[in-house]
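J.: Got a structure for you, questions after.
Rule-based calculations on the coordinates, nothing more; no lab input. Computed from a predicted structure; not experimentally measured.
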Amino acid sequence: MKNGLKRELGKWHGYALMIGGMVGSGIFVVTGEAGAQAGPSVPFGYVVLLPVLLCSALAYLIFMSTPLGNSPGGAYVHISRTFNNYFAGFLFMWFQYIALLGVMAIMAISFGDYLSSVIGAGNTAILATVLLLVFYLLNIVGVKWFGVVQLVMSAVLFIAILVLVVPGVFFIETENFSPMLPNGVSGFIAILPSLFFAYFGFEQLAQAGGEMKDPQKAMPRTMLIGSFATVIIYFLISIVAFGVIPYDQLAQSQSAMFDVASVYLPAGGKWIVMVGIIMAFATTLNSLVMVVSRILFAFAEDRVIPVGIAKVNKRFNTPHIAITINTIIVLGLIWTRTLDYLLNVSLQGMFLMYIGHAIAMIALPFVRPALFQSALIKPKLPLIICCGVFSLSVLVFFSYTLIFSVFKLLLIWSAVGVVIFLFGRIQGKNKQFDYHKQLESAWQQESISQTN
C-alpha cells in the first residue's frame, strides 16, 4: 500500500483480532467485580446489552463497507470524513486513544495479578512489563507474525473455554442464582456501563483496515459474527461461574475462573483453564499493541499530529515509532498502577468515542450521501436513525454515570490533544500539505489494491 502497510491479515486473523481481543477484557476483569453489585444477574447483563451492542455495531458495518474500510483509523476516519472536519474526528478518537491505552495497562496489570496469584510468587509490575515488551517486539517485526501468534493464542483460549464451560454446565447449582438481584434493579443497572467495557473490540477490528485482505467485505462480516459469538461466550462463561460458586465468594476471588474450574475439573483440566485465562489477557494485549499504534498512524497520515509518527519500518512494514510511543506510555501507567481509575477513564473515553460514531452514522446519509451510497451495507434510513438514537441515548446515560469521577482528567487530556493537534496542523501547513485533498481522497477512490 502507498502508506507502507501490508495486507497480510485474512478472515481468521480478523476473528482472532476481534473475539480474542475482546474476551480477555470483559469476562476476566469486570465479571467478578460486577457480581459484588448485581449478584448472579451478571450473565443476563451481557444479554441485555446485546441491542446496544448491535446498534453500535451497525455504524461500523456501514462505514467499514465503504472505501473508508480500506484504511486504518477506524472511527477517526469515519467521523472526520462524514463531517469534513479533522478536529471532530480527532477529538472523539483522542478520547478513545486514552481509553485503549488504559485498557492496555489494565490487561497487563491483570495478567500480572492473575499469574502471581496462581503461582504464589512474582512481582505484578514486572510480569506485566515482560508481557508488554514481548508483544511490543512481536508487533515490530511484522503484522504477519502478529496475526499468526494472535490466531494460535485465540485457538488455545477457545479450547480452554470449552474445557471450562462444557463440563461446568453439569455442576451449576440453581440456588446460587437466588437472590437474583441482591441489590435490586438499581444494582443491576449500575453494572451495565462496566459490562459494556467487554465490547470495546469494535474499534480493534476497524483499525486493521489497512492490513486486512478485502476489508470492505471481510470486516463487516467478521464484526457481525464476532459480536454474536462474543455475547454467547460471555454468557456461557459467566452463567457457569455464578452457577458453580456463590456470587459473594466469586467477587472476592483474585482468580475467579481458575477457582471455578477447581471445583469440578481434575488437575490437568484446571491448568488448561489457567493457560486459557492467561491467553485471554495475552490476546487482548497483543491486539491492542497493534491497534492503538494504527490510531497514531492515521492521525499522523492526516498531519493532525507530527508526521514523523507515521513512519513505517522499511524492513518490517510496521509503524514502529507509533508502537514505541504507546509502549512507553503504557509502561508508565503500569508502574503507577491506578487500576480502578484507569477503568473509569477507559470506559468514559470509549463512551465518548461511540457517541461521536453514532452521531456520524445518523448524519452520514444526509451530509455525505455519495459516501453512504458507496457502502456495500446500506440499511434503510428509519433503521439507521432508530439504531443511532437508541445507541446514542444509552451511551449518553452510561457516560453521565461516570463523567464526574474523571472530568478533570478528561479536560486535561483534551487540552493536551488540542495542543498536539495544533502543532500537527502548523507543521502540515508549513510543509504545504493539502488537507482538503486528503479528506476527499480516502473515500473517492473506487478501488484500492488488496495486495501489498
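J.: What do you get for the angle between helix 86-119 and the principal long axis of the chain? Use alpha-carbon atoms, 0 to 90 degrees, nearest ten.
T.: For helix 86-119, the angle is close to 30 degrees.
J.: Hey, what do the phi angles of the stretch 172-184 turn into as Karplus ³J(HN,Hα) couplings, whole Hz, using 6.51/-1.76/1.60 and θ = phi - 60°, x for Gly and Pro?
T.: Each residue's phi maps through the Karplus curve to give 6, 9, 4, 5, 5, 9, 10, x, 5, 10, x, 10, x Hz.
J.: Related question: Considering just Cα atoms, how many Å³ per residue does the convex hull of the stretch 137-240 enclose? The partial results should precede the final answer.
T.: Values: hull volume 14.3 nm³, N = 104.
Spelled out: Cα convex hull of the stretch 137-240, divided by residues, is 138 Å³.
J.: So what J values fall out for the stretch 427-434 if you push phi through Karplus, 6.51 cos²θ - 1.76 cosθ + 1.60 with θ = phi - 60°, rounded to Hz, Gly and Pro as x?
T.: Whole-Hz 3J(HN,Hα) from phi for the stretch 427-434: 4, x, 5, 4, 9, 6, 6, 8.
J.: On a 0 to 90° scale, report how tilted helix 215-244 is relative to the longest principal axis of the chain, with both axes built from alpha carbons and the result rounded to the nearest 10.
T.: Rounded to the nearest ten degrees, it is 20.
J.: Could you sort out which of LYS144/LYS314; LYS213/LYS311; LYS11/LYS380; LYS380/LYS437; LYS6/LYS314 sit more than 19 Å apart by Cα distance in this structure?
T.: Cα-Cα > 19 Å for LYS213/LYS311; LYS11/LYS380; LYS380/LYS437; rest within.
J.: Got a sec to turn the phi values of the stretch 322-332 into Karplus ³J(HN,Hα) couplings, 6.51 cos²θ - 1.76 cosθ + 1.60 with θ = phi - 60°, whole Hz, x for Gly and Pro?
T.: Result, rounded to whole Hz: 4, 4, 5, 4, 4, 4, 5, 4, 5, 4, x.
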